[in-house]
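Right, one structure below, let's go through it.
The values are calculated or read from the model by the stated rules, or taken from the named source; none is laboratory data. Just so we're clear, the structure is a prediction, and the values are computed from it rather than from any experiment. Cβ: placed from backbone, ideal geometry, glycine included. Neighbour counts: every protein chain shown.
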Amino acid sequence: MGIPTEPIGSIPRPSALLAALAEHAAGKIGDDELAAVRNEAVVDTLARLEQLGCPVLVDGEQAKPSFATYPISGLAHLAPDGVVIPFADGHTRQLPRLTAGPFRYAVHAATYLRQAQQHTRLPVKQAVIAPSALSLLYPAEPLADYPRKAFLDDLTAEAEADIRGCLEAGAHVVQLDFTEGRLSLKLDPGGGLLEDFLTLNRQVLERFSADERSRIGVHTCPGGDRDSTHSADVDYAGLLPRLLALPVGSFYLQLASEPDPERVLGIVAEHLRPGVRVFVGVIDPIDPRVESPEQVRDRVLQAARHIPVQQLGTCDDCGFSPFADDVSTSREIAFAKIAARVQGTALAAEMLGV
């Protein structure tokens, strides 16, 4: 049986793709030329993951502008001055601001999934942005002809379609990226914003059957961009009990970079429901040091002291390059870390007799 191990999503783009993105932005190449380079990057990413022995693949988000903004790429009725997300090292990321309705996705994630499936016979998972993140697009000052409730109704329908399209296309699992969970507690320590986020995500998830939700997971981390995070200083204890109540089949939890993983694992164990699998992070994507398989093995064994092995899996803490312009981690280091995760998980499974 073994212990399942899966990547989270993004992998640093190859230099050829980074160059093509710059040339496209400067008007030097067209959409078709950029699409061809992106496809080459997807093919290479899938092939290298397969060579490393990954049982489940991702496309590395090579064709996404970012893990968060792919649905609105090229969408009209957006202004650039939306919510600002500050990171610990001082840099920021800024979301767009919606200027008019109705809200519709310009791109659905199944587009990326179907492209990847053409190049492998192995299972492919698909990451999608959680609707809670996109709810931040709506401005603080209500739009006159498009009230917030109408926006949230449209967002809920679009998020459902995004997930359902991936399920119907045969995704191994659909992973909701919910990196704003801990961030919400930084913005609103009272927890009201977190509860709003969870309520919205739950409303989307409840549109699916129990069988469908068994193929849906939720990923959370304190953000990872340019070797920095936006909410690692927020206590996991404020998030995990409520997060683990979401009606999904699996959770992907950042853990390798936690200062006190034993404490976090204790919280997980206390709130773990039967039939749910927890993939614990055993690789820190923003640490330049490549973990050894033995380090990964020991992290898995530590988790197995708290989580029943039949409910345990491993993953990376978060994506390696969630924004296309993030070059803080090299592609080679990312693949070396993934190899350590695969090998170390296998070592732990052997020691645990599974």
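Evaluating E262 against the criteria (1) free of Cβ contacts under 8 Å to residues at least 40 places away in the same chain; (2) surrounded by fewer than 16 Cβ atoms within 10 Å (Cβ to Cβ); (3) not aliphatic (A, V, I, L, M) leaves one unmet condition, (1). Scanning segment 307-328 for residues that are part of a loop (DSSP other than H, G, I, E, B) and either over 17 Å from the mean Cα position of the chain (by Cα) or more than 15 Å from I286 (Cβ to Cβ) (or both), we see that the one that is modelled with the lowest pLDDT is A324.
Of the residues making up segment 220-263, just one is within 22 Å of R297 (Cβ to Cβ) and in contact with a Leu (Cβ under 6 Å, 6 or more places away or on another chain), namely P261.
Restricting attention to helices (runs of 4 or more DSSP H) lying wholly within segment 120-215, give those where 2 or more residues are free of Cβ contacts under 8 Å to residues at least 60 places away in the same chain and touching a helix residue (DSSP H, G or I) at 6+ places or on another chain (Cβ under 9 Å). Even if it seems obvious, please write down each step before you answer.
Details: elements: 131-134, 148-168, 180-187, 192-205, 210-213.
It comes to 148-168, 180-187, 192-205, 210-213.
Go through the residues of segment 50-60 one by one and say whether even a single one is among the aliphatic types (A, V, I, L, M), out of contact with any Cys (no Cβ under 8 Å at 6 or more places or on another chain) and not in a loop (DSSP other than H, G, I, E, B).
Here is the first cut: in segment 50-60, the residues among the aliphatic types (A, V, I, L, M) are 52, 56-58.
From what's left, out of contact with any Cys (no Cβ under 8 Å at 6 or more places or on another chain): 52, 56-58.
Among the residues that remain, those that are also not in a loop (DSSP other than H, G, I, E, B) are: 57.
The answer is yes; a qualifying residue exists.
In the set (1) farther than 24 Å from V248 by Cα; (2) assigned to a helix (DSSP H, G or I), P285 fails one condition alone, (2). Kindly indicate whether any position in segment 244-264 is touching a Lys or Arg at 6+ places or on another chain (Cβ under 9 Å) and in a helix (DSSP H, G or I). Within segment 244-264, one or more residues are touching a Lys or Arg at 6+ places or on another chain (Cβ under 9 Å) and in a helix (DSSP H, G or I). Put simply, of A304, A349, A269 the only residue that is buried (at least 21 other Cβ atoms within 10 Å of the Cβ) and more than 21 Å from the chain's Cα centre (by Cα) is A349. Of the residues making up segment 288-306, those that are in contact with a helix residue (DSSP H, G or I) (Cβ under 8 Å, 6 or more places away or on another chain) and either within 30 Å of A19 (Cα to Cα) or in a strand (DSSP E or B) (or both) number 3. The residues in segment 70-96 that are within 22 Å of Y146 (Cα to Cα), touching a residue at least 40 places away in the same chain (Cβ under 8 Å) and either under 20 Å from the mean Cα position of the chain (by Cα) or part of a strand (DSSP E or B) (or both) can be counted, and the count is 6.
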